[in-house]
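No lab work stands behind these numbers, since they all come straight from the coordinates. In this text, all values refer to a predicted model and were calculated from it rather than measured experimentally. Using ideal geometry, Cβ is built from the backbone for each residue, glycine included, and neighbour counts are taken over all protein chains shown.
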Amino acid sequence: MKVISGKAFVISLVVCSVFNSARAQTSVTIPKHEIGFSLGMFIYQGDLTPEKVGAFKTPGFAFNLFYNRLLSRSFSLRTNLAHGKLLADEANYKDPEWRQQRSFWFNARNTEISELLVWNILGNNYGERKIVSPYIFGGAGIASLHINRGWKNLNYDYFVNDSAMLNGLAIDSVHTLPGTIAVIPVGVGVRYSISNCLSIMAEASYRFTFNDYIDGFSQSANPNTNDHYSNYSVGLIYTFGKKTSLDCPTMRY
């Protein structure tokens, strides 16, 4: 019986050693892939709003789908697909008075694909995120726009002496509207782990562009400044390959 107990003890040590080795190997598993989605809004900023932060009176629904490739503890590369609507209507603004008299409006369906470099400021891409983890990002992308615009409520009598605006409108009315434009997204965000693989996130981002016809107007509005837009969203991130653990089974002898 002592011999049998001794053999069982040795076998138990060997099995535990094997499981401990497996656990050690598993505990250093490095996650490399994440997917996520978020819901929020696009905010237009351009000639048709006096608000410097953008046309918050007319937000457009938007969503994002993205894939993160984790490169290191601090950096990841995100492929981001965004879709939503941009819109503005000068009739919403009473000050200055001429905006309601001009009453330009537009809406645009926007689909954007971008590649972003994300910096996790705390450098814990591979660690447990049991604290609020801030990050910043930037990159480049392409936006596909389908633009509608109008000026049917324009008070021509009010602008009878404003030849620059009227001549500009004549130019804008025959100008080809952009279908695809380049964008440079930059932004900030925070994320917090709610489970081993799932995190919640919130972020704000801004799109620099090189085009003044996102809203359909330029020469009749402000031809010296390009149009831009921003995105505000909240969502979820799923991380593949998070650390797991294997416990040594109980040995009976």
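Here is how the numbers come out for the structure above:
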read-out	value
Segments 155-163, 43-51 sorted - mean Cβ within 10 Å per residue, highest first	43-51, 155-163
Simple label model, 7 Å out from Cα along Cβ direction - THR225 to HIS83, nm	3.2 nm
Ranked by how many other beta carbons lie within 10 Å on average, peptides 172-185, 137-150 from highest	137-150, 172-185
Phi-based couplings in Hz for segment 153-160 (Karplus 6.51, -1.76, 1.60; Gly and Pro marked x)	9, 4, 8, 5, 4, 5, 10, 4
Given charges at beta-carbon only (K, R positive; D, E negative), |dipole| of segment 104-157 in Debye	140 debye
Cα-derived Rg to Rh of segment 31-240, Kirkwood definition	1.08
Segment 63-133 versus segment 41-57: alpha-carbon centroid distance in Å	14 Å
